[in-house]
Amino acid sequence: NAGVMQNPRHLVRRRGQEARLRCSPMKGHSHVYWYRQLPEEGLKFMVYLQKENIIDESGMPKERFSAEFPKEGPSILRIQQVVRGDSAAYFCASSPTGQGNTGELFFGEGSRLTVL
Amino acid sequence: RKEVEQDPGPFNVPEGATVAFNCTYSNSASQSFFWYRQDCRKEPKLLMSVYSSGNEDGRFTAQLNRASQYISLLIRDSKLSDSATYLCVVKRGTYNFNKFYFGSGTKLNVKP
């Protein structure tokens, strides 16, 4: 049973380009969370999604950032017109629901974005 | 006020020492409580859940005080490999909806 898969693991972009980060949750998990971690700082919640539905996007910057979790395929975090301040590790986590809901979050290894 | 507050540390302790971390949470409706561990440049991983009756896993003991909205983690006989950042996490939600709140973490350095 594969864990949470994130790709790319490392991404380098120049200012103004777009970054797309992908996350495939664990099998059977229908909830996906995205977190951002700046160097030497804690995890900051960005967005919480279920399939085809954004549950909570209170942590998403108002501009340039968007997220989706389509019926088929991975969840995608999209950052348009990246700036140096977007350089961070972006972690995806998934959790089960219903009967399998132990309350635990399972994290991917993260995608590290560097903006030149 | 932050949902979850932790002392950022760092806690610098010698091998074999006992060290305790504390965490407070602001919302009394919080339902589940966890300690996660994050190694440098790695993803967080669940260390242990925290139950009202207190629970122990080897050298690690977690306690929850709902009345004071306070969670603790005790590490006995510290090992070099315990060096990491420890994240206090609380959860609120329903059967099909979970929202997690992370503290900013407490850094532990275990020295030889």
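Readers should treat all values here as calculations from the given coordinates under stated rules, not as data from a laboratory. Computed from a predicted structure; not experimentally measured. Backbone-built Cβ (ideal geometry, glycine too); neighbour counts: all protein chains shown.
Return the only residue of A:E41, A:E63, A:E72 being free of Cβ contacts under 8 Å to residues at least 12 places away in the same chain and in contact with a Ser or Thr (Cβ under 9 Å, 6 or more places away or on another chain). Lay out the reasoning, then the answer.
Details: A:E63 fails: in contact with a Ser or Thr (Cβ under 9 Å, 6 or more places away or on another chain); A:E72 fails: in contact with a Ser or Thr (Cβ under 9 Å, 6 or more places away or on another chain).
Being free of Cβ contacts under 8 Å to residues at least 12 places away in the same chain and in contact with a Ser or Thr (Cβ under 9 Å, 6 or more places away or on another chain) holds for just one of A:E41, A:E63, A:E72, which is A:E41.
Counting only residues that are surrounded by 19 or more Cβ atoms within 10 Å (Cβ to Cβ) and assigned to a loop (DSSP other than H, G, I, E, B), how many does the range B:32-54 have?
2
Might you let me know whether the range B:77-98 holds any residue that is more than 10 Å from chain A (Cβ to nearest Cβ), touching a helix residue (DSSP H, G or I) at 6+ places or on another chain (Cβ under 9 Å) and surrounded by 19 or more Cβ atoms within 10 Å (Cβ to Cβ)?
No, there is no match, as no residue in the range B:77-98 is more than 10 Å from chain A (Cβ to nearest Cβ), touching a helix residue (DSSP H, G or I) at 6+ places or on another chain (Cβ under 9 Å) and surrounded by 19 or more Cβ atoms within 10 Å (Cβ to Cβ).
Starting from the range B:29-51, take each residue that is more than 10 Å from chain A (Cβ to nearest Cβ) and more than 21 Å from B:N109 (Cβ to Cβ) and list its partners that are polar (S, T, N, Q) and assigned to a loop (DSSP other than H, G, I, E, B), counting only C-beta distances under 9 angstrom and pairs at least six apart or across chains.
B:S30/B:Q69
Residues checked against (1) within 12 Å of another protein chain (Cβ to nearest Cβ); (2) in a strand (DSSP E or B); (3) polar (S, T, N, Q); (4) loosely packed, with under 14 Cβ neighbours inside 10 Å:
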residue: A:F45; (1), (2), (3), (4): yes, yes, no, no
residue: A:Y48; (1), (2), (3), (4): yes, yes, no, no
residue: A:I55; (1), (2), (3), (4): yes, yes, no, no
residue: A:K71; (1), (2), (3), (4): no, no, no, yes
residue: A:I76; (1), (2), (3), (4): no, yes, no, no
residue: A:Q81; (1), (2), (3), (4): no, no, yes, yes
residue: A:Y90; (1), (2), (3), (4): yes, yes, no, no
residue: A:E109; (1), (2), (3), (4): yes, no, no, no
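I'd like the full set of residues that are in contact (Cβ under 8 Å) with a residue 12 or more places away in the chain and not hydrophobic (A, V, I, L, M, F, W, C), limited to the range B:52-67.
Initial filter on the range B:52-67 (in contact (Cβ under 8 Å) with a residue 12 or more places away in the chain): B:52, B:59-64, B:66.
Those that are in contact (Cβ under 8 Å) with a residue 12 or more places away in the chain and not hydrophobic (A, V, I, L, M, F, W, C): B:S52, B:R59, B:T61, B:Q63, B:R66.
Could you grab me the full set of residues in the range B:65-76 that are surrounded by fewer than 20 Cβ atoms within 10 Å (Cβ to Cβ) and either part of a strand (DSSP E or B) or facing chain A (nearest Cβ under 8 Å) (or both)? Give the steps one after another, and end with the answer.
Going through the range B:65-76, the residues surrounded by fewer than 20 Cβ atoms within 10 Å (Cβ to Cβ) turn out to be B:65-70, B:72, B:74, B:76.
If the condition is that a residue be surrounded by fewer than 20 Cβ atoms within 10 Å (Cβ to Cβ) and either part of a strand (DSSP E or B) or facing chain A (nearest Cβ under 8 Å) (or both), then B:N65, B:Y70, B:S72, B:L74 are the ones that fit.
(1) surrounded by 13 or more Cβ atoms within 10 Å (Cβ to Cβ); (2) free of Cβ contacts under 8 Å to residues at least 60 places away in the same chain; (3) more than 9 Å from every other protein chain (Cβ to nearest Cβ); (4) of a type outside the set (S, T, Y): which one isn't true of A:G85, the others all being true?
The single condition A:G85 does not satisfy is (1).
Determine, yes or no, whether B:L46 is under 10 Å from the mean Cα position of the chain (by Cα) and not charged (D, E, K, R). Before the answer, list the steps.
Values: under 10 Å from the mean Cα position of the chain (by Cα): yes; not charged (D, E, K, R): yes.
Against the criterion (under 10 Å from the mean Cα position of the chain (by Cα) and not charged (D, E, K, R)), B:L46 qualifies.
Residues in the range B:9-21: is at least one more than 25 Å from A:A88 (Cβ to Cβ), under 12 Å from the mean Cα position of the chain (by Cα) and either hydroxyl-bearing (S, T, Y) or surrounded by fewer than 12 Cβ atoms within 10 Å (Cβ to Cβ) (or both)?
no
Give the range A:9-43 a look and list any residue that's surrounded by 15 or more Cβ atoms within 10 Å (Cβ to Cβ), over 20 Å from A:G103 (Cα atoms) and at the interface with chain B (Cβ under 10 Å from one of its Cβ atoms), or say none.
Those that are surrounded by 15 or more Cβ atoms within 10 Å (Cβ to Cβ), over 20 Å from A:G103 (Cα atoms) and at the interface with chain B (Cβ under 10 Å from one of its Cβ atoms): A:Q37, A:G42.
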